[in-house]
Amino acid sequence: MALSGGSSRAITQIAVLEVFIEHQIPVDYMVGCSSGALVAVAYANNKIDELKESMHGLTLQRLVGMWSLTSQKGGLFELGETEVVLERLVNGLTFETSYPKLGFTAADVNSGELVTISWGKVVTAVKASLAVPGLFPPVVWGNKLLVDGGLVNIVPTQPVREMGADIVIGVNVSGSRFIYEKKLPYWRFYRMLLKYMGISYITKTQVTLVRRVLDLILNPTTRKPKNPGIIKIMTKALDHSMEVSDKWTDADMACDYMITPKVKQWKKTELESNNLEVIYQEGRRAALEAVPHILKLIENYKQRSKIHA
């Protein structure tokens, strides 16, 4: 299973997984992006109910209140109390012992590469997948500087297939293909920033030039990843978004079956209990609709396996 990002809409994915459990649909591999990474951890550690309860108790004010201002470069906030919730969900879970096998997607903000983390500390891996550029500081992972995987692909269908899955089911609760699509407010803000800097319109060449100038000014002799300033992070992130937008095809989210609950009309930050309950129920509806198709996929796979045995 490939679980997309989607902030508060992640409760939809909880509903989908509950339906899978009820219908005894096995999941051998699970890759989560951003908020989908939290759901994947909760599922693997039998804490879906705990995560669902935590989400039902949230409001936007409460969520932001859980964060704390950071002294690090590259972001405005630390996860704060949210990290405590994450550690409670992980509670000793390791990549080596988890079932299903877990992966979390992040993007290297320097190269734009999509990275699937399936080793090391689970808490650190999830933090990398949650690190929305500009909001939270990037996470240093080896020689990479990692941010939210939704920067380049919001539904990690290819990573879960690369992990070894024969049947790939996606759950897409995001309103976009990646977090910084040109139609979103981030682009309007960025155009305003460039205009303030004396650039009247935005092109890929201009963004790349700005990024390279900032590289020279802010970090001229980098040999290993360091958290640069927030403007530099946003510049790099938007640069990669432009490249992804130019190259994007539907094959980037191809899978055997995509579950797409109708929840895009709700904003990611709409956390009121009534909205969350409606979103949750839509997840159940979409999952129940998908069950016959997925059971058929499993049956077909078993038949093919017998023929080739």
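The table for this structure:
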read-out: Rounded percent of accessible protein surface that carbon and sulfur make up, the stretch 42-162, 1.4 Å probe; value: 54
read-out: Antiparallel DSSP beta bridges within the stretch 1-107, percent to nearest 5; value: 20
read-out: Highest average packing first - 228-234, 90-96, Cβ atoms within 10 Å; value: 228-234, 90-96
read-out: Packing-based order for 8-19, 290-301, 111-122, using average beta carbon neighbours within 10 Å, highest first; value: 8-19, 111-122, 290-301
read-out: Phi-based couplings in Hz for the stretch 92-101 (Karplus 6.51, -1.76, 1.60; Gly and Pro marked x); value: x, 4, 10, 4, 5, 9, 6, 9, x, 5
read-out: Protection proxy ranking, peptides 158-169, 56-67, average beta carbon neighbours within 10 Å, highest first; value: 158-169, 56-67
read-out: Exceeding the 27 Å Cα-Cα cut-off - candidates K73/K121; K52/K127; K127/K264; K232/K264; value: K232/K264
read-out: Fraction in percent of alpha-carbon pairs per bin - 10 Å, the stretch 45-175; value: 12, 37, 41, 10, 0
read-out: Accessible surface, the stretch 5-131, averaged per residue in Å² (probe 1.4 Å); value: 42
read-out: Estimated vicinal HN-Hα couplings, Hz - the stretch 153-159 in sequence order (Karplus 6.51, -1.76, 1.60; Gly, Pro = x); value: 6, 7, 10, x, 6, 5, x
read-out: Long-range amide H partners of E113 with built H, under 5 Å; value: D108
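The values are calculated or read from the model by the stated rules, or taken from the named source; none is laboratory data. Just so we're clear, the structure is a prediction, and the values are computed from it rather than from any experiment. Positions of Cβ are generated from backbone atoms using ideal geometry, with glycine treated the same way; all protein chains shown enter the neighbour counts. To get the accessible areas, we keep the full protein, side chains included, count just its heavy atoms, and leave off ligands, DNA and RNA. Shrake-Rupley method; radii C 1.70, N 1.55, O 1.52, S 1.80 Å.
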